[in-house]
1. Taking strands (runs of 3 or more DSSP E) that do not extend beyond segment 145-216, which have at least 1 residues that are touching a residue at least 60 places away in the same chain (Cβ under 8 Å)?
2. State yes or no: is D145 more than 18 Å from P211 (Cβ to Cβ), open to solvent by 40 Å² or more (accessible area, probe 1.4 Å) and not polar (S, T, N, Q)?
3. Return a yes/no flag: does segment 91-108 have any residue that is within 24 Å of G180 (Cα to Cα), modelled with pLDDT of 60 or more and outside any strand (DSSP E or B).
4. Just the residues that are touching a strand residue (DSSP E or B) at 6+ places or on another chain (Cβ under 7 Å) and open to solvent by 70 Å² or more (accessible area, probe 1.4 Å), please, taken from segment 112-127.
5. Taking segment 178-207 as the search range and keeping residues that are modelled with pLDDT under 90 and hydrophobic (A, V, I, L, M, F, W, C), which one is least open to solvent (accessible area, probe 1.4 Å)?
Amino acid sequence: MKAAAPVIATLLACVPVSSAFGVKPLPKNGQCSSSSTMTSLQSSRTMVDWEITKAQDEDIEILATMLERKREFDRDLNGEDFNKALQPRQGSTLKTLFPSFPQCQTLFIAEQDSPPDDYIGYATYGTKHEGFGPPYLWLEDIYIDPKRRSGGAGTVVMNQLAEEAANLNCTHLVWIVEQGNHRGIKFYEKLGAEIDRRDVYQNMARMKWVPPTLAS
């Protein structure tokens with residue numbers, strides 16, 4: 001994979017999303033650690049090794065391509081195009097790719113030992129505040145290739161985001177999901193997330209998750 005040392009988690013396909021967290025957190029300086037931790041969960045299917053890497057500015061073209069894939073997925077899901085494709089301009093950075101959310105960071109996920117940059121998903125996130133309260137982690141976007149779902153990748157990404165939230169002193173995680181995305185909602189609810197707000201006009205639901213690492 002990339003030159004930056006990744007965080008590695010070993011999961012078995014179709015593992016229960018309620019299983020205990022086992023992914024090593026990325027350091028607070030934003031760089032991947034050279035060490036890793038392995039997590040083995042029981043399953044009757046083939047074992048999959050997943051690798052998480054934090055995106056850098058040189059990955060902007062890759063991220064833009066994956067954002068377009070997510071846009072196509074959303075369009076197929078609801079029949080409407082709510083998102084505009086983000087095309088990186090010359091000299092663009094990850095911060096300028098999200099001008100309304102410049103502190104946004106990105107995690108990529110791929111199978112361990114896969115070809116360079118052969119990512120099957122990503123998550124973009126950052127911190128936000130409600131009034132003068134403590135920060136929470138805002139999950140701006142998350143995507144896993146539909147052909148690679150039910151193999152534990154989504155669970156690995158969400159668990160790593162929970163660790164990122166802990167590193168950033170957040171109290172919980174929040175994101176928006178299409179109310180028609182029943183499979184996604186079911187996955188999040190198995191994690192322990194709940195719908196705490198609905199927008200019937202835009203057919204969106206806001207989900208809130210307080211993972212065990214933040215519950216104390």
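1. Hits in segment 145-216: 173-178.
2. Judged against the criteria, D145 is a match.
3. Checking segment 91-108: not a single residue is within 24 Å of G180 (Cα to Cα), modelled with pLDDT of 60 or more and outside any strand (DSSP E or B).
4. The one that is touching a strand residue (DSSP E or B) at 6+ places or on another chain (Cβ under 7 Å) and open to solvent by 70 Å² or more (accessible area, probe 1.4 Å): D118.
5. So the residue we want is M204.
The values are calculated or read from the model by the stated rules, or taken from the named source; none is laboratory data. All values derive from a computational prediction rather than experimental measurement. Note that we place each Cβ from the backbone using ideal geometry, even for glycine, and neighbour counts take in every protein chain shown. All accessible areas refer to the heavy atoms of the entire protein, side chains included, with ligands and DNA or RNA removed. Shrake-Rupley method; radii C 1.70, N 1.55, O 1.52, S 1.80 Å.
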